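Just so it is clear, none of the values below were taken in a lab; they were calculated from the coordinates. Nothing here was measured: the structure is a model prediction, and the numbers come from that model. Positions of Cβ are backbone-derived with ideal geometry, glycine not excepted, and every protein chain shown enters the neighbour counts.
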2 protein chains.
Amino acid sequence: MCSASSDLTAQAKIRNAAIAHFAQDGFQKANLRAIAATARVSAGLVIHHFGSKEKLRSVCDDHVLRLLVQRADEARPSGMQDPFREYLSNPEEYRLQVQYMLRAIEEDMPAAATFVNTLVDESEEILRAGIADGTMHPSSDVRALAVLSVLHSVATLTMPPPLARALGYERFGPDVLRRLALPTLELYTHGLFTDDAALKAARAALNDSPQEED
Amino acid sequence: MCSASSDLTAQAKIRNAAIAHFAQDGFQKANLRAIAATARVSAGLVIHHFGSKEKLRSVCDDHVLRLLVQRADEARPSGMQDPFREYLSNPEEYRLQVQYMLRAIEEDMPAAATFVNTLVDESEEILRAGIADGTMHPSSDVRALAVLSVLHSVATLTMPPPLARALGYERFGPDVLRRLALPTLELYTHGLFTDDAALKAARAALNDSPQEED
DNA sequence: CCATGCATTGAACATGTGTTTAGCATTTAA
DNA sequence: TTAAATGCTAAACACATGTTCAATGCATGG
């Protein structure tokens, strides 16, 4: 990265350093002096160019969002589906951008909402198409299923250290992802239960106390 | 809570206030003066009784862990399985303890490791029993499946706001949980795919490049 | 060459927050 | 009753960190 950083403008160097720090430490824990140090500039220059830490984050949000959406568009029509393989088969820089966006989702930033909506909408489309052509089971609530699958993907990619350790790894990484790939596909192919007793029980319970709308 | 707080020792009041603040805001964002204000004491007293913010957290960790494990033991042999129904059908105080432990998992505290290991071990036992008696499908990696199911539960209970909003809710809550219950059970009963093409492809891909890095 | 403007810096400033300290009040023990 | 210990507080302190400011260097145009 140092080889490329010398011919970038100071603004771009700061922005890239900020993206790395925000992705790794989160917005709050990341501090301007460390970002400035990574970018080989002073803390004052960061404010001079971006006005405030908040505005700097906004610029980073837009930048990463643009990169990810652009990459997804280029990969049409497959889009952003199968985030696991996507994540595994792409360069370090891409992983950083994904990590940044995952942090943004956790911290509920506006750019994250845009990103998540894109993912969920795309997921819902794929589900509806799969159900229509018979490759996927029908669902009582396709929208919820779309959210659920995105949630599972996000959760896997942000797996908390204690869970990674329960699997025998120091922390989340590509090896953990590979380890979980097969069980995940097995679950999505055969399910877990051999009968629908639990499902019927849940349906009954939800009908007993229908806290619902239409 | 105010009615009960008057006859608690100051230490207990501070500890309970800290649990609430840590659960709601996370350890870093929570500050001693706010905790002290909730407990109706001065900030200095918090340090006087607990030594430091870090030690205060340690006491809270142990306290919440003890309460949750005790509750799980009382609920034997069902233990901590089906966290959704457990979460929905229990009082506010219990939700706070769960929320505290979820925060501890995110922030990778020692107590969280204990809790997670309990959950995963218990989950693995249940899976092995279910597979043995034929109510669950065999798995190529039961341990990983146990981690996966715990991960899904944790992820659902800590659903980031953007995902809750993608479902049409302001933020995560009991209603979101009820909405996701059926799709989750459907997934765990029937799976998603109607054939095993994706599963076979994954098996093949993992055999082709079993240990690849770029 | 000078002047203007931009990039950049180091130091100072402001604020939030964990912690320390000195002191006060109340209880307890001799 | 006095003295020590305990519970508790307000203020001060230390430090991290976002931000401001004055000054310096350096380019470009007149």
Worksheet item: How many angstrom lie between the C-alpha centres of segment A:19-81 and segment B:44-110?
Response: 35 Å
Worksheet item: Which whole-Hz ³J(HN,Hα) couplings does segment A:115-129 yield from phi under the Karplus relation 6.51 cos²θ - 1.76 cosθ + 1.60, θ = phi - 60°, glycine and proline marked x?
Response: 4, 4, 4, 4, 4, 5, 4, 4, 4, 4, 4, 4, 4, 4, 5
Worksheet item: What percent do you get for the relative contact order of chain A when only Cα pairs under 8 Å and 6+ apart count?
Response: 14 percent
Worksheet item: With springs only between Cα atoms under 10 Å, which of B:GLY130, B:GLY168, B:GLY79 fluctuates most in a Gaussian network model of chain B?
Response: B:GLY168
Worksheet entry | Theoretical FRET efficiency, 1/(1+(r/R0)^6), r = Cβ-Cβ of A:GLU125 and B:HIS48, R0 41 Å, to 0.05 | 0.10
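List the longest stretch of chain B that has no exposed loop site; here a site is one of the trypsin sites (Lys or Arg not before Pro) assigned by DSSP to anything other than H, G, I, E or B, with at most 14 other Cβ within 10 Å.
Numbers: sites that count: B:LYS29, B:ARG40, B:ARG171.
Result for the longest clean stretch: B:41-170.
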Worksheet item: How far is helix A:92-106 tilted off the main Cα axis of chain A, in degrees rounded to 10, range 0 to 90?
Response: 70 degrees
Practice prompt. For B:ASP208 and B:GLU92, calculate 0.36 nm times their separation in residues minus their Cα-Cα distance, and state this gained length in nm to one decimal.
Written response: 36.7 nm
